[in-house]
Every structure is written in C-alpha cells, then in structure tokens.
1. Within the stretch 1-98, report the chymotrypsin sites (Phe, Trp or Tyr not before Pro) that DSSP leaves as loop and that have at most 16 other Cβ atoms within 10 Å.
2. I want to verify a result. In a Gaussian network model of the chain, Cα cutoff 10 Å, which of these has the top mean-square fluctuation: Arg57, Arg79, Arg98?
3. Treating the beta-carbon of each Lys and Arg as +1 and of each Asp and Glu as -1, no other charges, what is the dipole magnitude of the chain about its Cα centre, to the nearest 20 debye?
4. Could you pull out the GluC sites (Glu not before Pro) across the stretch 1-97 that fall in loop regions by DSSP (anything but H, G, I, E, B) with no more than 16 other Cβ atoms inside 10 Å?
5. Using a Gaussian network model on the chain with a 10 Å cutoff between Cα atoms, which of Lys86, Lys43, Lys63 fluctuates the most?
6. How are the Cα pair distances of the stretch 9-111 distributed, in percent, across 5 Å bins from 0?
7. Between Lys63 and Thr18, what length in nm is gained on full extension when 0.36 nm per residue of separation is reduced by their alpha carbon distance?
8. With contacts defined as alpha carbon pairs under 8 Å and 6 or more residues apart, what's the relative contact order of the stretch 1-96 in percent?
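Quick note: the coordinates plus some simple rules give every number you see, no bench work behind them. This is a predicted model, so every value here is computed, not measured. Here the Cβ positions follow ideal geometry from the backbone for every residue, glycine too, while neighbour counts run over all protein chains shown.
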Amino acid sequence: MAEKIESLRVVWSERAVTDLLRILDYIAQDHPASAEKLYHVLKKQCQDLCYFPLQGRLIPELKDLGVSLYRELVVEIYRVVYRVDKNSLLILLILDSRRDLESILFDLMIDR
C-alpha cells in the first residue's frame with residue numbers, strides 16, 4: 001500500500017497545463033463528453049497525489065539510468081510525470097503513454 005505522508009500542495013507546471021489542454025482539445029474535437037470526463041479523472045487523481053505522493057511508480061526509463069527523483073502516475077493511457085519536493089508536488093508533464101518518453105525528455109533538454 002502507498003505510504004501516506006503529510007499533505008503536500010499540488011503545483012502544475014506551465015508545461016503540464018499546456019499538455020493537459022492539448023490532450024483535452026484533441027479528444028473534444030470528436031468526443032466532448034469524453035474530454036470532460038478525462039479532465040475530471042486526471043485532476044482528481046493528481047490532487048489525490050498530495051495525500052499519497054509515493055503512490056506513483058519511479059519512471060522505468062529514468063530508473064534504469066539511476067534517476068529516482070521523478071515519478072509517474074498512469075491514468076488511462078496517460079503518464080503524469082511529477083516530482084515530490086519538501087512542501088509540494090510538482091506536476092511536470094502529461095503525455096500519451098504510447099509516445100517515447102526518452103525522446104520527449106531529450107527534446108525538453110535541448111529547448112532549455
């Protein structure tokens with residue numbers, strides 16, 4: 001069972017908000033009700049992380065490289081990537097699990 005620790009404040013990065021809006025906009029083109037449902041599911045699951053921040057798994061691609069700072073929560077087909085800090089839980093990005101996370105992270109590093 002996931003360990004419950006002191007409640008943290010959930011903070012969404014600008015990138016995560018943009019990811020969420022793009023995903024919802026894409027789905028809403030053909031299925032507005034599905035987009036709305038996904039929005040509520042994702043928001044609730046992310047908010048619940050403040051009570052059980054270690055519930056998400058270490059990201060396998062990063063764990064293999066010895067990086068254990070980032071975790072992910074899989075919601076339907078989406079990977080919610082986050083980091084737990086002392087007083088907050090930062091939602092970093094949301095991506096379709098069929099996409100290559102290593103390429104996305106590489107692109108993010110190049111854009112800096």
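1. Those satisfying the criteria are Tyr51.
2. Its mean-square fluctuation being the largest, the pick is Arg98.
3. Dipole about the Cα centre, nearest 20: 340 debye.
4. For GluC sites (Glu not before Pro) across the stretch 1-97 that sit outside H, G, I, E and B with at most 16 neighbouring Cβ atoms in 10 Å, the list reads Glu3, Glu6, Glu76.
5. Comparing Lys86, Lys43, Lys63 in a Gaussian network model of the chain, the most mobile one is Lys86.
6. 2, 12, 23, 26, 19, 12, 5, 1, 0
7. Result: 13.6 nm gained on full extension.
8. Answer for the stretch 1-96 is 36 percent.
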